[in-house]
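Remarks on the structure that follows.
All of the numbers you see were taken from the coordinates with simple rules; none came from a lab. Everything numeric here is computed off the predicted structure, so don't read it as measured data.
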Amino acid sequence: MNGHHDPRRLQRLRQQREVTEMLLHRAEALAPRDAALLRAVLGDGKPAREVAVLLGLPAGGERAIRRHVSRLISRLTSPEFLVVLRHSQTWPAPCRRVATACVLHGLSIRAASRSLGISLHQVRAARAAVRALVEAASTLSPKEAA
């Protein structure tokens, strides 16, 4: 059988394309630099080595690019990311701002504090509230969560 017409191979390719499209769609919620990185690697198919050169990274920088892309994909596919993406617009402003900074943009609590201009205590409190909201949303039935 010709490998180009193997139904299993075609199904795998379709699934890979669907996953890539989903990741690129979710990547729109990332920080602009991270979204651009994923568009280059996943959307445009640029190799990590080429991206590393474009970013001016030293030799071996492609490993750092691959690690960063892997971490971004892990974040994009986490249940927490999906809940924040789908539901945060209905949350109180402090929770929404911290969820965007920490969950969607991947900032640490300290970096979020600096970026948002609020105290570490306020970020920690809002982060705890976000976790509770995520937990509550994840206990909903699939129909309620949508």
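Numbers below:
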{"quantity": "Helix axis angle, 61-76 relative to the chain longest principal axis, alpha carbon, degrees", "calculated": "60 degrees"}
{"quantity": "Whole-number percent relative contact order across the chain, with pairs defined as alpha carbons under 8 Å at least 6 apart", "calculated": "17 percent"}
{"quantity": "Degrees separating the helix 120-138 axis from the principal Cα axis of the chain, which is the longest one", "calculated": "60 degrees"}
{"quantity": "Kirkwood-Stokes translational diffusion coefficient of the chain, alpha-carbon pairs, 37 °C, 0.692 mPa s, µm²/s", "calculated": "191 µm²/s"}
{"quantity": "Three-way shape call for segment 66-125 based on the alpha-carbon gyration tensor, with the a/c threshold at 1.5", "calculated": "oblate"}
{"quantity": "J(HN,Hα) series, segment 42-49, from Karplus relation 6.51 cos²θ - 1.76 cosθ + 1.60, nearest Hz, glycine and proline x", "calculated": "7, x, 9, x, 5, x, 4, 4"}
{"quantity": "Rg ratio (alpha-carbon, reference 2.2 N^0.38 Å) - segment 3-76", "calculated": "1.24"}
{"quantity": "Gaussian network model of the chain, Cα within-10 Å springs - most flexible of Q15, Q89, Q122", "calculated": "Q15"}
{"quantity": "On Cα atoms only, tilt of 7-27 relative to the major axis of the chain in degrees", "calculated": "30 degrees"}
{"quantity": "Relative contact order computed over segment 3-76 (Cα-Cα under 8 Å; 6+ residues apart), in percent", "calculated": "23 percent"}
